[in-house]
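This report refers to the structure that appears directly beneath it.
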Amino acid sequence: MPKYYEDKEEDGRACGGVREDLRQCLLESPCVLQENKSPKQCLREGHCRSLQVTFFACKRSMLDTRARFRGRKGY
């Protein structure tokens, strides 16, 4: 579930909300907390996959020329 709300500090970068949620998901995952692996290793193993796909779609939509009319994907 997304944790992006109005009371968070504003991230001026593109896809900032999805980036922050992906970061929080990885840091709170049992892979990092219990197995003491790095977030990068946990991401490769498939943790937080839905947020990773959403982040990728948001970044890809920045390069899509149709995004000028449709807007960026994600939140």
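The values are calculated or read from the model by the stated rules, or taken from the named source; none is laboratory data. Quick caveat, the model's predicted, so the values are computed rather than measured. Every residue, glycine among them, receives a Cβ derived from its backbone with ideal geometry; neighbour counts consider all protein chains shown. We work out accessible area using only protein heavy atoms, side chains counted, and drop any ligands, DNA or RNA first. Shrake-Rupley method; radii C 1.70, N 1.55, O 1.52, S 1.80 Å.
Structural remarks
- Packing, taken as the mean count of other beta carbons within 10 Å per residue, orders the peptides 49-61, 13-25 from highest to lowest as 13-25, 49-61.
- Surface share of carbon and sulfur [accessible, 1.4 angstrom probe, percent] for segment 16-64: 55
- Given +1 at the Cβ of Lys and Arg, -1 at the Cβ of Asp and Glu and no other charges, the dipole of segment 12-75 around its Cα centre is 500 debye to the nearest 20.
- With all protein chains kept in place, the per residue accessible area of segment 16-64 amounts to 64 square angstrom at a probe of 1.4 angstrom.
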